[in-house]
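Colleague: The structure is given below, and queries will be raised subsequently.
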Amino acid sequence: MTAEEITACLLRERLALVGFISSVTRDFHIAEDIYQDVCVKAVARAAEYESPQHLMNWARLTGRRCGIDVLRSRDGKVVGLSEEMLAALEPVWPVADDTGSPAMEALRKCLERLTPNNQEIVRLRYFEGRAGAAVAESMGRQLNTIYQALARIHKILGDCVKQRLAAEEH
């Protein structure tokens with residue numbers, strides 16, 4: 001499956017997937033954060049999916065596992081790596097090199113077209129890896145406002161990338 005097909009499938013199934021993850025976490029906002037993480041992971045693994053059903057099975061399983069991990073971490077049962085350990089691992093951590101792909105180049109150009117406010121939301125959420133609540137706090141906004149903005153940003157970027165890739169084909 002292509003990145004575009006994956007994005008379209010995950011957007012089409014967004015409510016069902018967030019609802020499923022919410023049944024694990026019992027928290028819509030956490031489920032929305034997990035859904036967004038699952039989307040990013042899914043696109044990164046695009047070549048692995050044989051069909052939309054295969055993708056959705058993987059997304060549900062991954063969302064469930066992530067939800068369980070979040071619940072465990074809230075009870076203090078899961079301890080993340082220290083900053084020192086992460087810094088020590090960084091030089092040997094495998095890095096995916098898809099910087100030259102047409103989809104990544106289209107996304108880069110589409111990100112540049114976002115408003116400064118939306119660019120800041122994307123930077124905080126995806127480049128700094130902050131949770132939705134942390135983005136809202138950092139920007140002095142309500143959590144629902146950030147989630148609504150992220151949903152609009154996803155739609156804008158998805159449409160923009162599709163248009164750019166379609167234009168390159170012609």
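Read-outs: derived from the displayed coordinates by stated rules, not from any lab. This structure is a prediction, so every number in the text was calculated from the model and none was measured. Cβ placement follows ideal geometry from the backbone for every residue including glycine, while neighbour counts extend to all protein chains displayed.
Colleague: Please report the relative contact order for the stretch 99-170, taking Cα pairs under 8 Å with a sequence separation of at least 6, and give it as a percent rounded to a whole number. Write out the running numbers ahead of the final one.
Modeller: Numbers: 38 pairs, mean separation 28.5, N = 72.
Computed value for the stretch 99-170: 40 percent relative contact order.
Colleague: Please list, in order, the residues from the stretch 1-27 whose amide nitrogen is less than 19 Å from a point placed 7 Å along the Cα→Cβ vector of Ala44.
Modeller: What the label zone holds, given the 19 Å backbone N cut-off, is 1-8, 10-11.
Colleague: Using a 7 Å offset from Cα along Cα-Cβ at Ala134, what residues in the stretch 26-65 end up with backbone N under 19 Å from the label point?
Modeller: 28-41
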